[in-house]
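Peer 1: One structure coming up, written as structure tokens, with questions to follow.
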Amino acid sequence: MDRFKNKVALITGSSQGIGAACALRLAREGADIILNGHKFDDRGEKLIAEIEEMGRKAKFITADVSDVKAVIRLVKEAVTAFGGLDILVNNAGLEIKSDFLEVKEKDYDTVMDTNLKGIFFGIQEFSKYCKKEKRAGVVVNMSSVHEEIVFPHFAAYCVSKGGLKMLTRNLATELAPLGIRVNNVAPGAISTPINQELLSDKKQLQKVIKNIPIGRMGKVEDVAGVVAFLASDDAAYVTGSTYFVDGGLTYHYEEQ
Ligand code: NAI
Ligand code: BGC
């Protein structure tokens with residue numbers, strides 16, 4: 001399949017985890033890739049080599065996406081890197097665990113700036129570019145099942161993902177006339193470094209898996225496949241939606 005032939009995709013936070021899997025998946029289907037992270041290291045180098053081996057182009061642009069000026073620069077540099085930008089995957093995100101009573105303002109700001117504010121202004125910059133160049137665009141935001149369901153001790157994270165849900169609904173309406181589609185992917189429990197603590201606690205892990213009808217943690221490739229669908233023309237009539245990739249976790253119910 002060559003769904004992304006002649007397309008360029010920017011994937012934020014793509015040195016590892018879900019972002020790296022999205023980069024590889026979109027490249028495998030023909031896209032040239034702009035990778036991003038706080039810093040360029042051996043993970044970025046390895047990804048570039050893998051993507052180039054597929055016959056695609058790849059470039060790593062360092063930027064802290066919680067900083068609005070840096071996000072705007074990132075989008076501008078991504079646009080010029082390979083002569084255009086078609087797909088923006090807002091994947092970078094983080095969570096900080098804390099009882100609600102103990103949450104520090106600094107941590108709240110870090111979570112909100114990374115998971116919501118940077119995305120807000122990144123989409124704005126991308127949309128201005130699409131409008132100016134009169135070209136269509138696709139945005140896929142990495143939300144979470146926690147745009148919908150609670151996650152005790154992660155209140156700021158839930159607020160950020162809940163905000164992302166409404167941002168997507170709103171922008172789908174506002175940006176459709178410009179030919180820009182905006183959707184969310186909402187992963188459940190996926191095996192990535194963000195879940196390191198959970199993955200190393202066998203008892204807790206079994207408890208989580210009991211709540212997942214499909215009976216296992218998600219793989220990064222499970223998420224990347226849905227991102228690729230939403231970024232492609234197969235989803236040409238899909239905008240303002242959230243696609244859950246959670247093994248059934250969100251709407252799971254069983255009588256004990
Ligand atoms: P991860 O921690 O492995 O990857 C996140 C990447 O984003 C890291 O490379 C990190 O350095 C980068 N990043 C964080 N803040 C950044 C910033 N300010 N600027 C640039 N890069 C930054 O985590 P994972 O699991 O791959 O997470 C990716 C996204 O998926 C996040 O938005 C997360 O909230 C979301 N998600 C993850 C789930 C999971 O179970 N793993 C479930 C639901 C959502
Ligand atoms: C969180 C993970 C968590 C998953 C399911 C994600 O948004 O980042 O830590 O395991 O949701 O609760």
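Peer 1: Would you list the helices (runs of 4 or more DSSP H) that sit entirely within segment 1-89 and hold 3 or more residues that are β-branched (Val, Ile, Thr)?
Peer 2: In segment 1-89, the matching helices (runs of 4 or more DSSP H) lie at 68-81.
Peer 1: Here's a check for you: in segment 7-38, which residue that is among the basic types (Lys, Arg) and within 17 Å of Asn90 (Cα to Cα) is nearest to the chain's Cα centre (by Cα)?
Peer 2: Result: Arg25.
Peer 1: What are the residues in segment 127-161 that are hydrophobic (A, V, I, L, M, F, W, C) and either in a loop (DSSP other than H, G, I, E, B) or touching a residue at least 60 places away in the same chain (Cβ under 8 Å) (or both), if any?
Peer 2: Of everything in segment 127-161, those that are hydrophobic (A, V, I, L, M, F, W, C) and either in a loop (DSSP other than H, G, I, E, B) or touching a residue at least 60 places away in the same chain (Cβ under 8 Å) (or both) turn out to be Ala136, Val138, Val140, Met142, Val145, Ile149, Val150, Phe151, Phe154, Ala156.
Peer 1: Right, another one. Do any residues in segment 84-106 that are touching a residue at least 12 places away in the same chain (Cβ under 8 Å) and farther than 11 Å from Phe126 by Cα have Cβ atoms under 9 Å from those of residues that are of a type in the set (Asp, Glu) and surrounded by fewer than 17 Cβ atoms within 10 Å (Cβ to Cβ), where the two are at least six apart or on different chains, and which pairs are they?
Peer 2: Going by the 9 Å Cβ cut-off, the qualifying pairs are Ile96/Asp107; Lys97/Glu197; Ser98/Asp107.
Peer 1: In segment 150-208, what residues are polar (S, T, N, Q) and away from ligand 2 (no atom under 11 Å from the Cβ)?
Peer 2: Thr168, Asn170, Thr173, Asn183, Asn184, Ser200, Gln206
Peer 1: Can you confirm whether Ile72 is modelled with pLDDT of 95 or more, touching a Phe, Trp or Tyr at 6+ places or on another chain (Cβ under 7 Å) and either buried (at least 17 other Cβ atoms within 10 Å of the Cβ) or of a type in the set (A, V, I, L, M, F, W, C) (or both)?
Peer 2: Answer is yes for this residue.
Peer 1: Looking at Asp86, Asp64, Asp99, can you tell me which residue is crowded, with 16+ Cβ neighbours inside 10 Å and touching a His at 6+ places or on another chain (Cβ under 9 Å)?
Peer 2: Residue meeting the stated conditions: Asp64.
Peer 1: Same structure again: Just for segment 93-134: of the residues that are touching a strand residue (DSSP E or B) at 6+ places or on another chain (Cβ under 7 Å) and aliphatic (A, V, I, L, M), which one is nearest to ligand 2 (Cβ to nearest atom)?
Peer 2: Looking at residues that are touching a strand residue (DSSP E or B) at 6+ places or on another chain (Cβ under 7 Å) and aliphatic (A, V, I, L, M), I get Ile119.
Peer 1: May I pose another question? Go through (1) closer than 26 Å to Gly225 by Cα; (2) of a type outside the set (A, V, I, L, M); (3) surrounded by fewer than 19 Cβ atoms within 10 Å (Cβ to Cβ) and name the single condition Gly93 misses.
Peer 2: (3)
The values are calculated or read from the model by the stated rules, or taken from the named source; none is laboratory data. None of these values were measured; they are calculated from a predicted model. We place every Cβ from the backbone using ideal geometry, glycine too, and count neighbours over all the protein chains shown.
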